[in-house]
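Nothing in this text is a laboratory measurement; each read-out follows from the coordinates by a stated rule. As the structure is a computational prediction, the values presented were derived from the model and not from experiment. All Cβ positions, even for glycine, are placed from backbone atoms using ideal geometry, and neighbour counts span all protein chains on display.
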Amino acid sequence: MKLSKKLFTAIASFALAASVFADPITIKVASVAPARSSWDVQQRQIAKEWAEITNGEVILQFMPSESMGGESGVVKKLKAVRPGQKAPIGGAIFTSMGLSDFAPECNVMTLAAPFLFRDQSEVNAVLKQFTPTMQKAFDEKGYVVLGWFNIGWAYFFTSEPVNTPNDLKKLRLAVGGLTSPALSNAFKSAGYLTQDVPADKLMQSISTGAVQGLFTIPMYAYAAQYYKNLDNAVNIPLAPVMVGFVLNKSDWDAIPAKYKPELLKSIKKAEAKFIADQKRMDAEYLKRCETNGCVINNPNAKVWEDAFKADLHYMYEGSTPVVNKAFYEQIAAFLKNYRGE
């Protein structure tokens, strides 16, 4: 009996030691968050919480997408070089364009149609209603989407004052570039002068004047210092910029089940914070741009809405449509009911 107790104690001690000193599960996640932005701070908080929840068993290692060639480069890194091998990275935080590049069938770019939404509450309602539909495309690729949220609304930042869409058509624009040529082509079909610029060449193109206008969120415009050359902002939020946290299913499955409810709560908490802070952050970063010399122009929003809605068909026509027409009509019908119209 004494021998059995000693043996049991030894085995238990060994098992405990093995669990303490076992290598943690390290998951590399590419992210488009600008360095030191509030978004970057929030994802570092997620990494901290995951480590605490799992007692150090799961380590999220966020890496800048720029170092991988932008979102298009990240899409390649999510795929194994050879069959049976592990992909270089286990996950990514993508914007709408990266999500669409990785899983076009999710139709998330439909949510980027200008003037589809009137405010953040409508975005929240649509995400709640249609998230299961959009997630199917990722499930089929062996990935799970841990969270959806929008990090801001897209505005135009330009090198000279712009009052109407016709004024905008005279400038050379970057609206998607090589990351989303379909979006760039849709604008081009509507009469805009779009430039296909790789992410790592964007600042150079703006500095030299090759790009005179950019379609982006205020956080990016400020954090990347784009506003210094594109020192006019059209104060009309055209569309929400969505973000999805995508993780390889094999990495997610490797995490002990007992931790997953709390890990998901951590993501949901970050989602809620972003959604609650979104409007304030857009205003705050626009103000920072203005304080540092950017002129905030306030043209007639109705003129812009009418023009963009008239050109909407360019976004769902052609061989590589940006907007899925059927999905757009579903969302529009849902919003009409949501508004009580």
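Miscellaneous remarks
- Dipole magnitude of the stretch 219-341 about its Cα centre (Cβ charges: Lys, Arg +1; Asp, Glu -1), debye to nearest 20: 520
- Selected from Ser31, Ser72, Ser189 as most flexible by GNM, with the chain as the system and alpha-carbon contacts under 10 Å: Ser189
- For the pair Ala276 and Thr131, a Förster radius of 25 Å applied to the C-beta separation gives a FRET efficiency near 0.85, rounded to the nearest 0.05.
- Within-9-Å neighbourhood charge of Phe102 [Cβ basis; K, R +1; D, E -1]: -1
- Dipole-positive endmost among Gly91, Ala137, Ala254 within the chain (Cβ charges, Cα centre): Ala254
- Approximate spin-label separation Val144-Arg339, in nm, with each point projected 7 Å along Cα-to-Cβ: 3.7
- In a reduced charge model with +1 at each Lys and Arg Cβ and -1 at each Asp and Glu Cβ, the chain shows a dipole moment near 1080 debye about its Cα centre.
- Cα lying deepest toward the dipole's positive end in the chain, options Ile151, Ala80, Ala112, charges on Cβ: Ala80
- Between Glu317 and Lys48, the FRET efficiency from the beta-carbon distance, with R0 = 56 Å, is close to 0.75.
- For the chain, the Cys residues with no second cysteine's beta carbon closer than 4.7 Å are Cys106.
- Residue of Val126, Val162, Val81 that the Gaussian network model of the chain assigns the largest fluctuation, springs spanning Cα pairs under 10 Å: Val81
- Folded to 0 to 90 degrees: helix 260-291 orientation relative to the chain principal axis, Cα: 30
- Relative to the longest principal axis of the Cα atoms of the chain, the long axis of helix 120-139 makes an angle of roughly 60 degrees.
- Sequence-distant aspartates and glutamates (8 or more away, or on other chains) whose Cα lies within less than 17 Å of Lys325: Glu105, Asp311, Glu317
- Rounded tilt (10° steps) of 301-310 against the dominant C-alpha axis of the chain: 80
- Separation of the Lys170 and Lys228 label points, Cα + 7 Å toward Cβ, nm: 2.7
- At 1.002 mPa s and 20 °C, Stokes diffusion of the chain via Kirkwood alpha-carbon radius, µm² per second: 100
- Candidate lysines - alpha carbon under 17 Å from Lys77, same-chain residues fewer than 8 apart omitted: Lys28, Lys86, Lys141, Lys249
- Here the calculated FRET efficiency for Asp196 and Asn235, from their Cβ-Cβ distance with R0 = 22 Å, stands at 0.20, rounded to the nearest 0.05.
- Computed over the chain: relative contact order in percent, which uses C-alpha pairs under 8 Å that are six or more apart: 23
- For the stretch 271-341, the set of trypsin sites (Lys or Arg not before Pro) satisfying both a DSSP loop assignment and a count of at most 14 other C-beta atoms within 10 Å is given as Arg339.
- P(r) tail fraction, the stretch 226-341 - alpha-carbon pairs more than 23 Å apart, %: 60
- GNM top mover of Ala254, Ala87, Ala270 - the chain, alpha-carbon springs below 10 Å: Ala254
- Placing +1 on the Cβ of every Lys and Arg and -1 on the Cβ of every Asp and Glu, with no other charges, gives the stretch 105-189 a dipole of roughly 200 debye about its Cα centre.
- Within the straight-line cut-off of under 14 Å between alpha carbons, the aspartates and glutamates reachable from Lys260 are Glu49, Glu52, Glu57, Asp251, sequence neighbours fewer than 8 places apart in one chain being disregarded.
- Compared with the alpha-carbon gap, the fully stretched path from Val41 to Glu57 is longer by 3.6 nm at 0.36 nm per residue.
- Subtracting the Cα-Cα distance of Lys86 and Glu290 from 0.36 nm times their residue separation leaves 68.8 nm of extension gain.
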